[in-house]
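Scroll down for the structure; my scribbles are underneath it.
The values are calculated or read from the model by the stated rules, or taken from the named source; none is laboratory data. Note that the coordinates shown come from a computational prediction; the quantities given were computed from them, not determined experimentally. In this analysis, Cβ positions are derived from the backbone assuming ideal geometry, glycine residues included, and neighbour counts consider all displayed protein chains. When the accessible area is computed, the model is the full protein with side chains, heavy atoms only, and any ligands, DNA or RNA have been set aside. Shrake-Rupley method; radii C 1.70, N 1.55, O 1.52, S 1.80 Å.
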Amino acid sequence: MKKRLRIRFHGRVQGVGFRYTAYHTAQSLGLTGWVENCFDGTVLCEIQGNRISIDNMLGKLSSGKYIEITDMEINELQINDEERSFNIRG
């Protein structure tokens, strides 16, 4: 079943290749959405696809070499049927 999640990542998530890891992982798993750095030091991401692929992506992000996620705020959103890719914003 397809889901869309908005996730705010806290921790050491800027300046460590987080957005590029998210981008390449999402592409390899067939997920759509976007990721961007926020002014408060967090990273905001919307991920859309099947839940197993989303969970795989979160696992890969959590095990990133320099990435250290200390908290995630997760909200479920309505599916965006028009979206076709995953992008880095900002």
Being open to solvent by less than 60 Å² (accessible area, probe 1.4 Å) and of a type in the set (Asp, Glu) is the filter here, so list the residues in the range 77-90 that pass it. GLU83
Residues being touching a strand residue (DSSP E or B) at 6+ places or on another chain (Cβ under 8 Å) and not in a helix (DSSP H, G or I): count how many of those fall in the range 43-71. 14
Filter the range 10-42 for residues that are open to solvent by 50 Å² or more (accessible area, probe 1.4 Å), under 16 Å from ARG89 (Cβ atoms) and either at pLDDT below 95 or assigned to a helix (DSSP H, G or I) (or both) and give the result. TYR20, TYR23, HIS24, GLN27
Could you give me the residue pairs with C-beta distances under 7 Å whose first residue belongs to the range 77-90 and is modelled with pLDDT of 95 or more, whose second residue is in a loop (DSSP other than H, G, I, E, B) wherever it lies, and which are 6+ apart or on separate chains? PHE86/LEU31
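Working only within the range 3-44, note down all residues that are free of Cβ contacts under 8 Å to residues at least 12 places away in the same chain and over 20 Å from GLU82 (Cα atoms). So that I can check it myself, show each step before the final result.
Filtering the range 3-44 for residues free of Cβ contacts under 8 Å to residues at least 12 places away in the same chain gives 15, 24, 28, 39-40.
Hits for the range 3-44 are GLY15, HIS24, PHE39, ASP40.
From the list ILE7, ILE52, ILE67, pick out the single residue that is open to solvent by 30 Å² or more (accessible area, probe 1.4 Å) and among the aliphatic types (A, V, I, L, M).
Details: ILE7 fails: open to solvent by 30 Å² or more (accessible area, probe 1.4 Å); ILE67 fails: open to solvent by 30 Å² or more (accessible area, probe 1.4 Å).
That would be ILE52, the only listed residue that is open to solvent by 30 Å² or more (accessible area, probe 1.4 Å) and among the aliphatic types (A, V, I, L, M).
Does ILE74 satisfy the criteria of being touching a residue at least 60 places away in the same chain (Cβ under 8 Å), in a strand (DSSP E or B) and open to solvent by less than 60 Å² (accessible area, probe 1.4 Å)?
Values: touching a residue at least 60 places away in the same chain (Cβ under 8 Å): yes; in a strand (DSSP E or B): yes; open to solvent by less than 60 Å² (accessible area, probe 1.4 Å): no.
No.
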